Structure formats: structure tokens, C-alpha cells
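No lab work stands behind these numbers, since they all come straight from the coordinates. Only a predicted model underlies this, so the values are computations on that prediction, with no experimental measurement involved. Neighbour counts run over all protein chains shown; Cβ positions are idealised from the backbone, glycine included.
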């Protein structure tokens, strides 16, 4: 039945028209299904393709020898392919990064959620998001120029490229992830918990430490796991500051020893390896190990967050993931681990005056805390929480100040519009700017329709079930895949197997796969925020499902979709690892005239200038500043669009 436009009387649609409409709806649904299932297909395909290229080394060397061998020397007369030093290096860097990041992150999250005024929170949250927006190669550049020099001078050692430098730098990079998720978890604790605690006479700090934080422990644990995944998958920053010696520190707690991680090995050696050789296969074996580690980490975080979300939906009667006894045991275990790590640091590398100071403060607190009143403890705790927030902000200010102050002298019209000269020591960076824009625009042109289509299918065409969970798991796994894995997959499959070559097209496709989960997630959240009553009203008036989606649901969801697209552009613009084997060259005087030609890109240009071109200090900082401004500009636009439409909806 349908209603005529003039009289409103009911008429019967012809069978042919009804059948045509049905076929159209089914075709649209089928297209959206395939876009949604694309994420699962990509994850499966990446894993199978990497296994194909990595399997020969397992056959030739043996899995135990490959995983547990203590020597990595693929270019020796008798090649050795033991990756245990690389695994140990990855674990040590990750542990060090978490020791640095977790206390600062949780302190900052507590301040944001419980202590900060609304006005202060409006300033601090974008600042934390700004930390997340700084490209990893810019972090690496700052670490190489500033952090390693500070460590070298402070500890009087020949070089500052050490485990300590890598852990501190990666800890800084993990801060925004842990802070954001932890703050959401603490803020999501029901207000009744807080009000009840205060009503029975507890102080604000007792309420926070004994009620709110324990109740949010599952979310905080997921935040830490996500931070670990961020650290384990990082390539460029750790490659630039860790020293890259494939050794196990001796003694194992020597934080001033150089080391090498799994990702850094791939970034260093893949560009020079012979395709099809044992060394080539060994690098793909490392890629598989890295992918499996990150998949386990991210699946664990996703499972915890999903359980937490379901617990909120089912109310307080739902059994908690972590019991009170387990939470207490975990807290004591964390305290013991923290003391042990602190002692190792003090004994291994800290200056004597710092060791004495820390031990005095820790001893005074441990033996004198029973004599402190509740108000004294609260004052001290709030001071430490505030100090953690100040340190996070200070880190941001120091990084931005160093790059801006040293990069501004390089900026000129010639620098922005001319090609490079003398290996980048002179001239400009215009081809790198244009190449970066070509890459990100091509990537978003591929990822946006696929991501929006996948989100539409997940929200509008299906209910929660096995297929939906499978698709969402694929999206989560794709989101947690390290960027270097995307780069190697693009190199092996697009560049070599499809014979596309190192080209603009290969880089665009690789970046599109990397940012696809961001587009899907942001679009899905935007669609879920559209009231269900609008859909029901449209369908009740006789509109088809596609008419309802295209004319009723999508228009108000456009701001969220645009925000996701801009965030994806910002991430793609700052990535180095996915394009270093698929799309870029260091120097070119001309722009590409074809999709099948390589391009320059700002992240890769900065990486080569910082690590391989002496005497280019001014242009290094200038390139870093331009890249930083470009990426921060994209993120700022996304934040502005989100805030504008949130205020509009509230108004």
C-alpha cells in the first residue's frame, strides 16, 4: 500500500514496482554487508599472507630455535636467526614504559574525573588529545635530539640511546591512551557509590581510592592493556632512541644498556633484504610473532571493556569481572612490583643523590603513614595527583616549545614552496607536503565509503549476534594491528605480489586499511546517537529502510562522520612505518604525475634527515614543525567540529 500525494488515499503498488523496490533494498543491504565483512577479510588475509612468507624460516631453523635463540645475526657468515633478544628487548621497553606511564596516567585521570573544574577540564582534555595527535616520528625526533642527550649528560655515559630513553619516550606516547580510557572508566562509576561513601563520613580521597578507583579497576586495566599494545606496536620512535643492539642487557636490569625491539628490527632491515631469502622469511616470521602478541593484547582489552559495558547495561547485580579479594591482591602485587622496580632502578642507574632522596621519602612514608591523619593523607594524595597532571602538561609544553622555537627560523616561503637541495640540508619541503596530502586524501577516499558502509550495516541492518560480533572483532583486531605490519603487508602483497611497485597507489591503499577501523567506529557511534524514534516514524510513513537511512539517519550523523574522517586524515598524515616500504622516496624535485610513481612524505623525510643527514639541524626542526602543525591542524578541526555540534545539540 502507498498514499497518493494529493488526496492521501491508499493505492496498491504494482507487483513489478514492489519487486523492484525489494531487489533494490536487498542489493543495498548486500553491498553494506560486504563492506562490513571487509575488516574480517583483511585481518584474515594479512595473517595468512604473513604466515605464507614467514613459514619457511620455521621449516629451515625450527620454531624453538627461532623463538629462543639468543643470537640475531642474519648477515653473518653463518646466519643466526634467534629472536629471543628482540622479544626480551620488546618486553623490557614495554615494562619500563608502563612503570613511567601508569602512575602519571592514573593520577591525571583521577584529577580530570574528580578534582578538575569544568573549565579546567575543557582545557586539559584537548591537551591530552594533543599528545595523542603528535606523530610518532616527531616523538622520535624529540627523543633523539633532546631526551638521549639529557640521559647521556645526566648519567655520564657515551650515548643516551638506551633502554631508559626508549621506555620514557614510549611511556609519554602511551599517556593519552591510558588517561582517556581510565578517565572514562572512573567517570562511569555510578554517582550513588560516591554519594554513599561521603554520606558515611569518608573523605574525598578515601572515596576516590577505596570506592571509585576499585569500582573502575576493570576499565583501568583495559586502559593499561591498550597502552601496552600502543607501546609494543610502536616502530619509528623506539627505532630512533633505543640504540638498536640485538642483545639482552647484562645485567638484565641495566636500563642504560642499548637494546632492540621486534618492530625496530623490521624497520631497520626490511628495506635492505633480498626478497625470498632466509633473512626475508625471518623478518616475516618476526612480523607474525609481533602480530600474534598485539592481537592477544588487544583482544584482552576488548574483552575487558565489553564485559564492563555489559555490566553497566545489566546493572549492579551482574557479577563483577574482578572480585574484591582479587582487587586487593592485585593492589598488593602492584605495590610489591613497584617497590622491586624502584629498587632495581636505584641500584642500577640512578645517581647516588637521587637514590638517597627517593629512599628517604619512601621510608618516611612507609613507616610514618600510620601517624598521619585522614586530612594529611588527603592533602598529600591530592598533591601527588596534581603533580602527575602538571608533569603530563609539562611534557607537552616541553615538546612543543622545543620544536616550535627551533623550527620557526626555518619557516619561509621558499622552504614551503621549493624542493629539497643538498640532501635536504637546503631548499624546501614542498614535494613532501604535497606527497603527504596526496597519500592521505587517497587513503580517506578509499576508507571513508568502506567504513561508512560497514557502520551502516552494523547499526541499521543487523542485530547483535554471531556475525555482528565477528565483524566487530575483526574491526578491533584491525585497529590494534601495528602500523609496521600494515607496511610489510603492503610491501609483500601490493608492491611485490600484485607488482604495483613502490608507488602512491600502494601507500594510499595501505594507509586506507590502517585508518579503516577509525572511520567505522566513529561512524557507528554517530549512527547510534540518532534517536530510534526518527527511524520508526519514517518507516511508519511508508519509507523504505534505505530511504530512512539516507534521508533521516545519515544527515544528522554527518558531523560525527566528518570528525572520524578528519581524525583518520590526521593519523594517516603522521604515519611513517606503513609508507616507508610502499610509497615514499627520500628526495624528489618533482611531484608525481601518476598513481604508480613514488612520492615524498613529511614523516619519512623527517626520519631520514634526523637519522642519516648530518648538518641539517634547521631543516630537521622546520620539517618537524610543519608536520606537527599539519597533523595538529587536522585534530583541532575534528575537536572543533565535535564540540560545536555537541553544544548545538545541548542548546
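Relative contact order, whole percent, for segment 48-186 stands at 30, derived from Cα pairs under 8 Å and 6 or more residues apart. When only alpha carbons are used to place a centre, segment 501-524 and segment 176-201 end up 36 Å from one another. A viscosity of 1.567 mPa s and a temperature of 4 °C, combined with the Kirkwood radius over C-alpha pairs in the Stokes-Einstein formula, give the chain a diffusion coefficient of 48 µm²/s. Taking all Cα pairs closer than 8 Å and separated by 6 or more residues, the relative contact order of the chain comes to 18 percent. Put simply, when 450-457, 519-526, 209-216, 156-163 are sorted by average Cβ atoms within 10 angstrom per residue, most first, you get 450-457, 519-526, 209-216, 156-163. Residues 53, 71, 250, 422, ranked from the fewest to the most other C-beta atoms within 10 Å, line up as 250, 422, 71, 53. Along its first, second and third principal axes, ordered by size, segment 455-529 spans 41, 22, 20 Å in Cα coordinates.
With N as its number of residues, segment 168-216 has a Cα radius of gyration that, divided by 2.2 N^0.38 Å, comes to 1.41. With R₀ fixed at 30 Å, the C-beta to C-beta distance from residue 617 to residue 245 puts the FRET efficiency at about 0.70. In terms of packing, defined here as the mean over residues of other Cβ atoms within 10 angstrom, the peptides 98-104, 294-300 line up highest first as 98-104, 294-300. Once you reduce segment 618-633 and segment 420-439 to the center of their Cα atoms, the two points are 12 Å from each other. For 108, 466, the sequence from fewest to most other C-beta atoms within 10 Å is 466, 108. Residue exposure proxy: 485, 77, ordered by other Cβ atoms within 10 angstrom of their Cβ from fewest to most, comes out as 77, 485.
The convex hull built on the alpha-carbon positions of segment 390-544 has an orientation-averaged projected area of 15.6 nm². Restricting attention to the chain, close to 75% of DSSP beta bridges with both partner residues there are antiparallel.
Measuring max minus min along each principal axis, the C-alpha atoms of segment 135-286 give extents of 68, 41, 30 Å (largest first). Over the C-alpha trace of segment 124-176, radius of gyration and Dmax come out as 12.3, 39 angstrom. Working from label points 7 Å from Cα in the Cα-to-Cβ sense, the residue 541 to residue 198 distance is 4.6 nm.
Taking each residue as 0.36 nm, the span from residue 629 to residue 421 lengthens on full extension beyond its C-alpha to C-alpha distance by 72.6 nm. Pair-distance distribution of segment 548-611: all C-alpha pairs, bin width 5 Å, starting at 0; shares per bin in whole percent are 4, 15, 17, 16, 13, 9, 8, 9, 6, 2, 1.
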